[in-house]
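Visitor: The structure follows.
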Amino acid sequence: MHAPNSAGQNSAGRQEDHGRLVICPTPIGNLRDITLRTLDALANCDYVCAEDTRVTAKLLNAYNISKPLIRMDENTIKRKASRVIADIQAGKQVCYCSDAGMPGVSDPGIALLALAYEQHVSVCVLPGASASITAFVASASSFSNFYFVGFPPRKKSAFREFLNSLANLPAAIIFYESPHRLIATLELLAEVFPQRQLCVLRELTKVHEEVYRDSSSHVLEHFSLQHEQGGIRGELVIVLDGARHEVSQEEVKRSRDDARTYLEQLAHEGMSMRDACKMAVQQCNMSKNTIYDIALGVYGKA
């Protein structure tokens with residue numbers, strides 16, 4: 001095995017024989033959280049593609065690295081990606097940086113990476129800072145696995161439906177959210193999962209980092225007060241505990257409503273309460289006691 005040299009040419013440094021796309025993670029708040037391999041790659045590349053050239057320019061300037069920058073955000077990456085791939089095929093080494101964290105995670109850079117694989121060009125993905133992983137660890141979730149959502153649906157009805165689809169997921173659930181939408185998101189989480197453990201992490205790795213853990217209803221109270229006292233600022237990550245063999249209140253209500261509708265249909269057909277309960281237990285996948293309780297209301301018996 002050959003040890004890499006100081007510039008890391010074995011993995012992310014300059015390659016003399018062919019070009020390469022290097023995916024470079026960047027700090028999520030503290031500029032010191034950048035890896036040596038990322039610095040080597042940035043120093044040795046031909047140019048840097050960036051989600052926002054202004055943000056990446058500050059990072060490069062902090063480490064005295066001067067490279068041409070090409071903006072590749074969600075509006076331009078599909079149009080410019082083929083030209084970048086052509087440059088790599090011609091022997092150039094190109095780095096891609098998102099504004100913060102790991103490119104490709106809730107980031108338009110995934111389109112460039114996918115095209116690189118399709119065109120069979122060399123790719124090197126460097127490890128580094130990630131807001132989702134940092135938040136998961138800092139939240140001290142009791143779950144050892146997680147489901148990463150990214151930014152949730154914007155429409156309340158779509159978000160509610162999405163949350164209900166995750167009601168029985170036995171894993172922590174990680175969301176990204178913007179400051180101006182946080183309260184609305186927390187209100188819905190508290191409504192659907194009032195007793196779930198919830199952690200909101202704000203300004204991770206920065207001077208005013210905040211980690212607040214409590215039940216979803218108490219977390220809502222905390223940040224509602226903060227909102228009233230001057231607003232909520234900074235990047236936000238939400239970590240919601242997963243299911244522990246329970247379902248959301250809305251799921252319970254929907255199941256009971258479905259069972260009631262089924263029992264009403266059987267009653268209308270003249271079936272006895274006893275036989276209807278037997279069929280409903282099998283059809284609705286609910287306990288005998290629950291079905292019997294619903295049936296009492298349908299058949300009007302005490």
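The values are calculated or read from the model by the stated rules, or taken from the named source; none is laboratory data. What you are looking at is a predicted structure, and each value in this text was computed from that prediction instead of being measured. Positions of Cβ are generated from backbone atoms using ideal geometry, with glycine treated the same way; all protein chains shown enter the neighbour counts.
Visitor: Under 6 Å between Cβ atoms, at least 6 apart or on separate chains: pull out the pairs that start in segment 274-300 with a residue that is in the same structural domain as Ala259 (by TED's automatic domain parsing) and assigned to a helix (DSSP H, G or I) and end on any residue that is at pLDDT below 90 and surrounded by fewer than 14 Cβ atoms within 10 Å (Cβ to Cβ).
Guide: Going by the 6 Å Cβ cut-off, the qualifying pairs are Val281/Lys288.
Visitor: Might you check whether a residue that is farther than 20 Å from Gln249 by Cβ, modelled with pLDDT of 95 or more and either within 16 Å of the chain's Cα centre (by Cα) or of a type in the set (A, V, I, L, M, F, W, C) (or both) occurs anywhere in segment 154-161?
Guide: no
Visitor: Another one. How many of the residues in segment 84-112 are crowded, with 18+ Cβ neighbours inside 10 Å and over 13 Å from His18 (Cα atoms)?
Guide: So the count comes out to 14.
Visitor: Please enumerate the residues belonging to segment 52-74 that are within 18 Å of Gln93 (Cβ to Cβ) and more than 29 Å from the chain's Cα centre (by Cα).
Guide: Answer for segment 52-74, where residues must be within 18 Å of Gln93 (Cβ to Cβ) and more than 29 Å from the chain's Cα centre (by Cα): Tyr63, Ile65, Ser66, Lys67, Pro68.
Visitor: Pairs under 8 Å by beta carbon, first residue assigned by TED's automatic domain parsing to the domain that holds Lys253 and closer than 14 Å to Ser178 by Cα in segment 143-163, partner among the hydrophobic types (A, V, I, L, M, F, W, C) and not in a helix (DSSP H, G or I), six or more apart or different chains?
Guide: Sorted first by the residue in segment 143-163, then by its partner, the list stays empty.
Visitor: Right, next: Taking segment 189-200 as the search range and keeping residues that are of a type outside the set (Asp, Glu) and surrounded by fewer than 17 Cβ atoms within 10 Å (Cβ to Cβ), which one is nearest to Ser157 (Cα to Cα)?
Guide: Top of the filtered list is Pro194.
Visitor: Here's something else I'd like to know. Looking only at residues that are surrounded by 18 or more Cβ atoms within 10 Å (Cβ to Cβ) and aliphatic (A, V, I, L, M) in segment 168-187, which one is nearest to the chain's Cα centre (by Cα)?
Guide: Out of the qualifying residues, it is Ile174.
Visitor: If Tyr262 satisfies every condition in (1) free of Cβ contacts under 8 Å to residues at least 60 places away in the same chain; (2) surrounded by fewer than 14 Cβ atoms within 10 Å (Cβ to Cβ) but one, which is the exception?
Guide: Tyr262 satisfies all of (1) free of Cβ contacts under 8 Å to residues at least 60 places away in the same chain; (2) surrounded by fewer than 14 Cβ atoms within 10 Å (Cβ to Cβ) except (2).
Visitor: When you scan segment 110-123, do you find a residue that is modelled with pLDDT under 95 and under 18 Å from the mean Cα position of the chain (by Cα), even just one?
Guide: Among the residues of segment 110-123, at least one is modelled with pLDDT under 95 and under 18 Å from the mean Cα position of the chain (by Cα), which makes the answer yes.
Visitor: Out of segment 57-101, which residues are among the hydroxyl-bearing types (Ser, Thr, Tyr) and at pLDDT below 95?
Guide: Those that are among the hydroxyl-bearing types (Ser, Thr, Tyr) and at pLDDT below 95: Thr76, Ser82, Ser98.
Visitor: Next question, about the same structure. Tally time: how many residues in segment 204-231 are assigned to a loop (DSSP other than H, G, I, E, B) and surrounded by 20 or more Cβ atoms within 10 Å (Cβ to Cβ)?
Guide: Total meeting the criteria: 1.
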